[in-house]
Structures are given as C-alpha cells and as structure tokens.
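Contents: one structure, followed by commentary.
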C-alpha cells in the first residue's frame with residue numbers, strides 16, 4: 001500500500017512530527033510512505049526510509065495565521081503558491097497513492113485551501129481514487145465563526161472517507177474543541193494518541209533529580225525560560241533549560257549569564273524523552289507531542305499553555321490533562337517566579353500517577369486505513 005501524507009506546519013513543528021510518526025508506522029508495516037511538507041525545513045526531524053518532499057516553504061506571521069510569509073520573513077507571492085501547488089499535484093500524480101491523508105485540513109489551514117482543494121479534486125477524478133482521510137490531533141482551534149465548521153463539514157462530506165482523530169476519546173474527545181454534528185460523527189475514527197514508542201529511561205540517567213524546562217520546537221518560550229531562571233533562585237533543585245527552535249549562541253549565553261549556578265542552559269536535546277523518566281519535574285508548554293512525552297514517562301508536570309493571539313488549543317488540552325495526579329496548569333497571565341515555584345512544589349509532592357491513555361495511534365491508523373482500503 002502506498003500512503004501520501006500532506007502537511008504544512010506554520011509555527012511549531014508538532015504537525016510535521018506527527019505526520020512523520022504516522023509515516024514510520026506505515027513503513028514498519030511494509031507499506032510505502034511519502035510525506036509532502038510545506039512548512040519550514042526541520043533538519044533535526046528524521047525521515048529515513050520515507051519519501052520526503054519539501055515544498056517551497058511558508059510560515060505564519062507569528063500567531064497571525066491569516067498571513068503567510070516566506071522563510072526570510074517576506075510575504076509570499078502568488079507565484080510562490082502556484083509553484084507549491086504544481087509540485088504537490090505532480091508528486092500526487094507520480095506517486096499515485098492508495099491512501100491520501102491531509103493533516104489538519106479542512107479543520108484548519110484554510111489559508112492554503114486552494115492547494116488542498118486542487119489535490120482533493122485530483123484525487124476524486126482518478127479512475128481508482130485513493131482512500132481520502134483527514135488527520136487531526138486531539139484538540140483543534142475551535143471555529144470562531146459557524147461558517148468555518150460548515151466549510152470543514154462540507155468538504156468532509158464531498159471528498160473524505162474518514163476523519164482520523166489522534167486522541168483517546170476518554171481523555172480528550174473532539175467535542176472539547178469542535179462542534180461534532182451527527183454527520184461528522186459517523187466519519188470519526190479515534191486512533192489513540194500518535195506518539196513514538198515509549199522512550200524508556202535514559203541509559204546514563206541524564207536528567208536525574210532535575211527540573212526540565214522546555215518550550216517545544218518553535219520559538220515562543222522566552223517568558224517561560226526567563227521566569228524559570230528567576231524561580232530557580234527560590235528552589236534548591238538543579239534545573240536544566242532546553243531551548244527549542246534555532247537558538248543562537250548569543251541567546252544561550254545571555255540566559256546563562258543571568259542564571260544561578262545550579263541552572264544549565266543548552267539547545268533542545270534528542271534524548272529529552274528519555275530524560276523525562278528521571279526528572280523531578282517538567283515545566284513546558286502543552287503542545288500535543290510534549291504532552292504525550294510527559295504522559296508516557298509519568299513525569300510530574302507544570303503546563304504553561306501557549307495562548308498568544310487567539311490560541312486556545314493548548315489551554316484546553318492542559319485543563320483536560322490536569323485532572324490527573326501530578327499535573328497542573330499555570331496560565332501565562334499568572335506566571336511569575338513565586339507562582340511557578342508553588343506549581344512545581346505541588347506536582348512534586350502529588351502522588352505518582354499512572355496513565356491508561358492509548359498511545360498506539362500510529363499503528364491503529366495503519367490498521368484502520370488498511371481495513372477500509374481493502375473494502376473499497
């Protein structure tokens with residue numbers, strides 16, 4: 001079976017990470033996977049064994065998702081978008097997938113509707129059309145206007161066979177963030193969370209006894225990093241700050257200069273998931289992938305959801321997860337050294353939790369699409 005996953009991440013890298021995890025599951029099952037990425041290149045993301053196509057990239061203007069920029073920060077041109085669309089359609093024609101998965105669209109990425117809809121029309125026009133699936137995380141950006149939900153539902157009805165919801169319905173049902181009509185409900189397939197296999201403890205015990213501070217793969221963690229440094233003066237625990245994105249040496253040096261001796265500052269590490277098993281606590285945003293890493297490792301956690309602009313996704317997720325022992329949520333508006341210290345001490349002293357959440361979403365996605373594909 002040949003599977004094509006089309007994804008464009010505009011701010012962080014979580015969407016691409018999830019798409020690659022799905023692709024690796026298909027490859028492990030003996031299928032051929034192609035990921036077409038339209039966001040900024042992410043060189044640290046592993047895609048060996050996967051056909052990987054990088055479109056001319058676009059990104060959002062910070063949290064303004066209504067304005068697309070080039071990698072250099074200049075507004076995209078119609079020509080740039082036309083080149084992307086041609087490349088996408090050419091790859092679809094040559095790869096000829098049995099399964100086509102659009103990541104987030106049509107529930108989001110409406111600003112790229114022209115390229116997605118051209119792809120969907122091509123798929124439907126084929127004599128042997130592929131199984132067409134929408135792939136969405138647990139929490140979506142709730143539609144600000146009814147017409148956005150109607151837009152998504154109309155396209156689902158016209159072009160899509162199923163909607164893959166990468167969540168555990170008992171933990172974060174889609175209804176927390178999106179109006180689920182009876183028509184849409186019939187097409188939903190909950191897969192469980194899409195996460196790499198549990199990392200397991202670090203062979204060297206890295207992270208033992210530390211408070212790990214992270215802010216995902218984007219570049220939005222400044223307030224968290226600085227507040228953590230100030231909070232460290234009130235805490236005896238060793239602290240390690242891991243900067244995501246592309247931090248400059250100067251930025252790392254600036255943070256180190258202001259940090260107490262028991263605080264280390266460095267770039268994000270590939271062994272972060274293993275370090276979580278040994279950490280005293282984690283302080284982080286509440287993006288999909290980070291939240292799953294913390295749930296798998298059962299690390300005491302303080303979530304500081306990203307909420308700039310109109311972003312509410314992480315806040316909804318954090319509140320849903322905070323019912324579990326050893327997890328608490330701290331809003332950015334309430335973030336200060338004292339409140340962060342109190343939150344860290346709270347989760348450290350809470351009973352250690354176990355989780356019954358389902359993390360086999362990638363394998364279940366393979367099973368679901370294979371079963372439906374065989375019936376066509």
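The values are calculated or read from the model by the stated rules, or taken from the named source; none is laboratory data. Note that this is a predicted model, so its numbers are computed, not measured. With ideal geometry, Cβ positions are generated from the backbone for all residues, glycine too; neighbour counts draw on all protein chains shown.
Within the range 8-23, the set of residues being touching a helix residue (DSSP H, G or I) at 6+ places or on another chain (Cβ under 8 Å) and within 15 Å of residue 193 (Cα to Cα) comprises 14, 17, 18, 21, 22.
Looking only at the range 118-171, count every residue that is part of a helix (DSSP H, G or I), under 23 Å from the mean Cα position of the chain (by Cα) and surrounded by fewer than 16 Cβ atoms within 10 Å (Cβ to Cβ) and tell me the total. Total meeting the criteria: 0.
Counting the residues of the range 292-322 that are assigned to a helix (DSSP H, G or I), touching a helix residue (DSSP H, G or I) at 6+ places or on another chain (Cβ under 6 Å) and either outside the structural domain of residue 250 (by TED's automatic domain parsing) or under 28 Å from residue 233 (Cα atoms) (or both) gives 1.
I'd like to know if the range 333-346 contains one or more residues that are under 30 Å from residue 178 (Cβ atoms), part of a loop (DSSP other than H, G, I, E, B) and modelled with pLDDT of 95 or more. So far as the range 333-346 goes, yes, one or more of its residues are under 30 Å from residue 178 (Cβ atoms), part of a loop (DSSP other than H, G, I, E, B) and modelled with pLDDT of 95 or more.
The one condition from (1) buried (at least 18 other Cβ atoms within 10 Å of the Cβ); (2) within 24 Å of the chain's Cα centre (by Cα) that residue 280 does not meet is (2). The condition of being surrounded by fewer than 23 Cβ atoms within 10 Å (Cβ to Cβ), outside any strand (DSSP E or B), touching a residue at least 24 places away in the same chain (Cβ under 8 Å) and touching a helix residue (DSSP H, G or I) at 6+ places or on another chain (Cβ under 6 Å) does not hold for residue 201.
Taking residue 229 as the residue in question, decide whether it is at pLDDT below 95, touching a helix residue (DSSP H, G or I) at 6+ places or on another chain (Cβ under 7 Å) and assigned to a helix (DSSP H, G or I). Answer is no for this residue. The set of residues from the range 232-251 being buried (at least 16 other Cβ atoms within 10 Å of the Cβ) and in a helix (DSSP H, G or I) comprises 232, 251.
Of all the criteria given as (1) within 19 Å of the chain's Cα centre (by Cα); (2) assigned to a strand (DSSP E or B); (3) surrounded by fewer than 20 Cβ atoms within 10 Å (Cβ to Cβ), the one not satisfied by residue 67 is (1).
A single member of 49, 62, 30, 12 is in the same structural domain as residue 105 (by TED's automatic domain parsing), surrounded by fewer than 16 Cβ atoms within 10 Å (Cβ to Cβ) and within 26 Å of residue 291 (Cα to Cα), and it is 62.
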